[in-house]
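Contents: one structure, followed by commentary.
The values are calculated or read from the model by the stated rules, or taken from the named source; none is laboratory data. Note that this is a predicted model, so its numbers are computed, not measured. Counting neighbours? That spans all protein chains shown, and the Cβs are built from the backbone with ideal geometry, glycine included. SASA here: full protein model, heavy atoms, side chains in, ligands and nucleic acids out. Shrake-Rupley method; radii C 1.70, N 1.55, O 1.52, S 1.80 Å.
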Amino acid sequence: MQLRLFSVSALLCAWTCSHAADHSSVGITSTTAGSTAKAATATSVPALSAVDLQVAQMWGLTQDEMQRALVLLKGPRGAFSSPNLSPVEALGIHARGEQERRYYAQLYARAFVADVERVLAWSNVAEAEVKRLVGDKPVISFTGLPPVPVSPAVAAGANLPMSAVRPPAAAASKEAR
């Protein structure tokens, strides 16, 4: 049995880059109701924090792109998306054209692939260290434990030895018929 120290969800979630900075609210003031200007709004965007600048650099974004992403994440995009949506995803979803969408998709893909490579490199080193510590002994032994009621398909998917499982009662009664 080969030990895997990562899960699919860890791989999928690892690439996200969340930040802990508490952004002050973006000040948006609309024009007065009696204004003759088109429904324009004056937007004042606060300066990026040091963390925001680091996050922008990690994702390969300019300061302007990062500010736009933060504004998008404060609005409906933030409400409709998971809290760990990356700034690149926000910009890509709200791209102003196909070329911009492709550009942000490329940034996203590069970051994702690089992170999967880091996670796999870590996993391989951690797995080698476990093997160094325990040798060929199994890390988890099912010896002496009563078999658990689970379908053979689930057991195979979980890489459990068949000696550790028994078919559930409902499945066993159907097979007896």
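Computed quantities for the displayed model
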read-out	value
Matching residues in the stretch 44-64 - criterion: being open to solvent by less than 80 Å² (accessible area, probe 1.4 Å), at pLDDT 95 or above and polar (S, T, N, Q)	S49, T62
Residues satisfying the stated conditions in the stretch 91-112, i.e. free of Cβ contacts under 8 Å to residues at least 24 places away in the same chain and under 14 Å from the mean Cα position of the chain (by Cα)	Y108, A109
Total residues in the stretch 141-158, condition free of Cβ contacts under 8 Å to residues at least 12 places away in the same chain and of a type in the set (V, I, T)	2
Residue count, the stretch 46-69 (criterion: closer than 22 Å to A114 by Cβ and among the acidic types (D, E))	2
All positions within the stretch 74-96 that are open to solvent by 50 Å² or more (accessible area, probe 1.4 Å) and modelled with pLDDT under 95	K74, P76, A79, F80, S82, P83, N84
Residue selected from the stretch 137-155 under the condition in contact with a helix residue (DSSP H, G or I) (Cβ under 8 Å, 6 or more places away or on another chain) and under 22 Å from E127 (Cβ atoms), by the criterion modelled with the highest pLDDT	V139
